[in-house]
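Okay, handing you the structure first.
The values are calculated or read from the model by the stated rules, or taken from the named source; none is laboratory data. No experiment lies behind these values; they were computed from the predicted model shown. For neighbour counting, all protein chains shown are included, and Cβ atoms are generated from backbone atoms with ideal geometry for every residue, glycine included. These area figures cover heavy atoms from the full protein model, side chains too; ligands, DNA and RNA do not enter into them. Shrake-Rupley method; radii C 1.70, N 1.55, O 1.52, S 1.80 Å.
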Amino acid sequence: MRLSRPSLRPDPAALLRFDPRDVFLPEDALTSPDPSAAADFLQGLLHPPDSGAATTVPGDFTFRDRFLLHDTADALAPPGLLVLPQAFGAIYLGETFCSYISINNSSGLEAREVIIKAEIQTERQRILLLDTSKSPVESIRSGGRYDFIVEHDVKELGAHTLVCTALYNDGDAERKYLPQFFKFTVSNPLSVRTKDTTYLEACIENHTKSNLYMDQVDFEPAQQWSATILEADEYPSVVKSTIRDLCKQPILIRAAGGIYNYLYQLRPSSDEPGQIKTEGSSILGKFQITWRTNLGEPGRLQTQNIHSTPTPSKDVDLRAVKIPPVIFLERPFMVNLCLTNQTEKTVGPFEVFLAPSVSGEQKTVLVNGLQKLVLPLVEAFESINFDLSMVATQLGVQKISGITLYAVQERKYYEPLTDIEIFIDAE
């Protein structure tokens, strides 16, 4: 049978218990100047005096207070009972599979020179767990048994088979072979979804039927990266940080779909800055995850390498910096723009102009004056700011659209600037 820890069995009746003070007394009764009067009133309400009774019978067999909280711990409903596993249960990747195996001699004769083997078979490999070939069990008498326990760290998903075999001599000294097969399926306990830009966000979801307490969720970055976990308490005190390290509380991810998110900031490693451009630089790293279930049963999981999503990089970036808060109809206004060179070389010169509408509609915000603005060379990783004079021809909410950048030497057009909404007022 499979060895696993028992589970707690809550008392159904205890879940209905309540404190009578919450029912019969007002909220300010216990904070009043004379709380003893309220307590005496409650005692008399629950246990009225019986003038006809001469003696007090020990024990209350009327069960009148069976739903009352006699102790604050009663609200948790732990009756002190544990339930042994009633089924084989689910096995998840990263857990330790433990099995108790018993070989019974149900014949009337003694079995001698018993060789026992136990192994796990998966789709990829065979893993030997026990082999007594070099030291066979000398004998198992009639009605006797030989018990042993095998353990296996589950590292593969899918179908698994526990194969147990016994090779022995029966009472007639005939060599006999007895195989037994036990099949089970390994499921994935967690799903890890990541999003990466400058930051890596990991969303860990619990797929099991029990709560998981995360002891460790560590991201091991690849050689060309360094990672820093970002937490809510960004500037902890030294004392607080020391206490946290000594008494680290596990993070609870609730059963059947509970989620917890981790955020890491990634930076190129300073040791070998050129390495991030080599082949394999899309590998960011992998996660090491350890957890425990409600009764402390451990689990461990290592993810595969996490790859970054390649994003096209722009040589230059054009963005709007400042727009007047008040714009009047048919009055020129200035839009302040910034052009940034994001490469290691000098780029330019450039031309900035207003591209015609693709749909053929007439634009309501136009360039005022020269239709093309010439910009000089921009040094590596430098920026230049410039103003573009414009004028609006209609009232209300309008869009500045189609501001386009053109590299003169490369003869290359860049994507137009994102549309900007403005409000046009009358004078």
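In nm, to one decimal, how far is the modelled label at residue 100 from the one at residue 213, with both set 7 Å along Cα→Cβ?
Those two pseudo-labels are separated by 2.4 nm.
So how much accessible area does residue 176 have, in Å² to the nearest 10, using a 1.4 Å probe?
80 Å²
Extension gain residue 419-residue 159, at 0.36 nm per residue separation less the Cα-Cα distance, in nm? Each step should come with its number before you reach the end.
Numbers: separation 260, 0.36 × 260 = 93.60 nm, distance 5.50 nm.
Separation in residues times 0.36 nm, less the Cα-Cα distance, equals 88.1 nm.
Ignoring ligands, DNA and RNA, what accessible area per residue does segment 319-416 give at 1.4 Å, in Å²? Numbers along the way, then the final one.
Numbers: 6020 Å² over 98 residues.
Computed with neighbouring chains in place, this is 61 Å² per residue.
Compare 251, 91 by solvent-accessible area with a 1.4 Å probe and give them largest first, with all protein chains kept in place.
The residues order as 251, 91, largest area first.
With a 1.4 Å probe and all protein chains left in place, how much of the accessible area of segment 91-187 comes from carbon and sulfur atoms, in whole percent?
Working: 2690 of 5820 Å².
Percent of accessible area from carbon and sulfur atoms in segment 91-187: 46.
Sorting 337, 178 by accessible area (1.4 Å probe), largest first, what list results?
On the way: 337 0, 178 85 Å².
Greatest to least solvent exposure: 178, 337.
Going from most exposed to least, what order do 140, 229 have by accessible area with a 1.4 Å probe? Display every interim value, and only then the final one.
Values: 140 10, 229 70 Å².
Sorted by accessible area, descending: 229, 140.
Between residue 381 and residue 127, what's the calculated FRET efficiency when r is the beta-carbon distance and R0 is 51 Å? Round to 0.05.
Working: r = 55 Å, r/R0 = 1.08.
That pair, residue 381 with residue 127, gives E of 0.40.
If you take every residue apart from residue 293 with its C-beta less than 13 Å away from the C-beta of residue 293, what net charge results, scoring Lys and Arg +1 and Asp and Glu -1? Let's see the in-between values first.
Working: positive: 5, 209, 254, 292, 300; negative: 95, 215, 297.
Its environment carries a net charge of +2.
If I compute solvent accessible area with a 1.4 Å probe over the protein chains, what percent of it on segment 329-413 is carbon and sulfur? Provide the component values of the computation, followed by the final result.
Values: 2570 of 5000 Å².
The nonpolar share, carbon plus sulfur, comes to 52 percent.
How much solvent-accessible surface does residue 1 expose, in Å² to the nearest 10, with a 1.4 Å probe and all protein chains in place?
For residue 1, the solvent-accessible surface is approximately 150 Å².
On to the next question. Report the extension gain between residue 389 and residue 288 in nm, rounded to one decimal, defined as 0.36 nm multiplied by the number of residues separating them, less their alpha carbon distance. Kindly include the intermediate steps, with their values, before the conclusion.
Values: separation 101, 0.36 × 101 = 36.36 nm, distance 5.61 nm.
Residue separation times 0.36 nm, minus the Cα-Cα distance, leaves 30.7 nm.
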